[in-house]
Amino acid sequence: AQKVTQAQTEISVVEKEDVTLDCVYETRDTTYYLFWYKQPPSGELVFLIRRNSFDEQNEISGRYSWNFQKSTSSFNFTITASQVVDSAVYFCALRGFGGSQGNLIFGKGTKLSVKP
Amino acid sequence: SQTIHQWPATLVQPVGSPLSLECTVEGTSNPNLYWYRQAAGRGLQLLFYSVGIGQISSEVPQNLSASRPQDRQFILSSKKLLLSDSGFYLCAWSAGTGIGYTFGSGTRLTVV
């Protein structure tokens, strides 16, 4: 069975603090993709990053960085120098290629509040 | 470029009334299409997916059904809404390889 766990339900930080959102996944597939999405208060899902299971290189995009570690089945997301506009619910998701067709499994999300 | 349209954005329906939510994709052919629901502001649950016209797979048994009458059209329906059907419904599409997903803007459904 595939599963994504985001243990942090809510996080509150003050602007300019760094914050890390945790994501732990479970899958028996050797080929899989991991995603992070941002859901602002308006509700739409904004794609942030996709990483395949064969690429463990960490990635940095501006203030965002992702740490993928297969040894611990984790795909953590760090926001450096957080801003109020970062306030949103963030979802980690997993797409395996051995399970049901088209099944993108989401974690329950982490609500991030950045206060000025 | 590919775009996905979903409507209506907001809907308030009485218990027992029918439902029809529509999703269309432009700029691509033979997409995989998905309906997700987010209840109580959290957790996205896959409801239905379709890999082609008339091909619907259900992930969770419930009061809803889906149809795909055209290649780029995906409809979510109910004959009689329940209070528990309230939530935020998102349509999504992906190419055949199913790697990248693009989501619509969502429909916020309140059943009263």
Q: Check whether at least one residue in the range B:21-31 is within 19 Å of B:Gly106 (Cα to Cα), assigned to a strand (DSSP E or B) and within 13 Å of chain A (Cβ to nearest Cβ), and report yes or no.
A: no
Q: Report the residue count in the range B:74-112 for those that are loosely packed, with under 15 Cβ neighbours inside 10 Å and under 14 Å from the mean Cα position of the chain (by Cα).
A: 1
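Kindly indicate whether B:Val12 is under 23 Å from A:Leu48 (Cβ atoms), at pLDDT 95 or above and aliphatic (A, V, I, L, M).
Values: under 23 Å from A:Leu48 (Cβ atoms): no; at pLDDT 95 or above: yes; aliphatic (A, V, I, L, M): yes.
Answer is no for this residue.
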Q | Filtered residues of the range A:22-59 (kept if away from chain B (no Cβ under 11 Å), of a type in the set (D, E, K, R) and in a loop (DSSP other than H, G, I, E, B)) | A | A:Asp22, A:Arg28, A:Asp29, A:Asp55, A:Glu56
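Just one of A:Phe91, A:Phe77, A:Phe97 is among the aromatic types (Phe, Trp, Tyr) and at pLDDT below 95; which is it?
On the way: A:Phe91 fails: at pLDDT below 95; A:Phe77 fails: at pLDDT below 95.
Exactly one of A:Phe91, A:Phe77, A:Phe97 is among the aromatic types (Phe, Trp, Tyr) and at pLDDT below 95, namely A:Phe97.
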Q. Mind checking which pairs have a first residue in the range B:51-80 that is under 17 Å from A:Leu104 (Cβ atoms) and a second that is β-branched (Val, Ile, Thr), Cβ under 7 Å, 6 or more apart or different chains?
A. B:Ala66/B:Ile56; B:Ala66/B:Ile75
Q | Count of the range A:9-66 residues which are surrounded by 16 or more Cβ atoms within 10 Å (Cβ to Cβ), of a type in the set (Val, Ile, Thr) and under 23 Å from B:Ala40 (Cβ atoms) | A | 2
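The values are calculated or read from the model by the stated rules, or taken from the named source; none is laboratory data. Small disclaimer: the values here were computed from a predicted structure and weren't measured. As a convention, Cβ positions derive from the backbone with ideal geometry for all residues, glycine included, and neighbour counts pool all protein chains shown.
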